[in-house]
1. Counting each pair of different Cα atoms once, what's the Kirkwood radius of the range 27-141 in Å, rounded to one decimal?
2. Under a crude label model (7 Å from the Cα following the beta-carbon direction), how far is residue 118 from residue 134 in nanometres?
3. With a Förster radius of 30 Å, plug the Cβ-Cβ distance of residue 74 and residue 105 into 1/(1 + (r/R0)^6) and report the FRET value to the nearest 0.05.
4. Return the FRET efficiency for the residue pair residue 96, residue 126: r is the Cβ-Cβ distance, R0 is 41 Å, and the value is rounded to the nearest 0.05.
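What follows is calculated from the coordinates using simple rules that are stated; it is not laboratory data. Only a predicted model underlies this, so the values are computations on that prediction, with no experimental measurement involved. Don't worry about glycine lacking a Cβ; one is built from the backbone with ideal geometry, like all the others, and counts go over all protein chains shown.
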């Protein structure tokens with residue numbers, strides 16, 4: 001009898017724990033991207049929890065990076081959210097689809113870039129941080145120099 005009771009309690013604990021684990025695992029937010037100059041290429045969306053490496057988003061840097069095919073001059077993309085918190089989000093309009101931000105000889109971007117908070121000039125992490133939770137929507141305006 002005691003064994004049956006323990007098994008029933010374990011089954012109940014599993015049932016009550018499962019929904020929260022699933023909700024955490026499937027959490028996401030939306031980035032509303034505007035002012036794309038063309039429908040060529042792809043968007044690279046990166047999520048920064050700290051100022052380390054911000055705003056540079058290179059593959060293999062350990063920064064969550066997500067790629068989406070461009071389908072219009074405004075887009076809404078759904079991005080996985082590791083956990084609710086404060087983040088800065090960058091968007092690169094990778095028109096030539098080489099997987100990185102193209103720059104001119106002095107290091108200025110020649111493809112579109114955008115950051116949460118839509119700061120002008122060189123983005124700073126503190127000015128770009130937004131609070132994100134599952135279901136959040138943030139806007140990023142892409143700019144071309």
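1. 14.1 Å
2. 3.0 nm
3. 0.45
4. Result of the calculation: an efficiency of 0.85.
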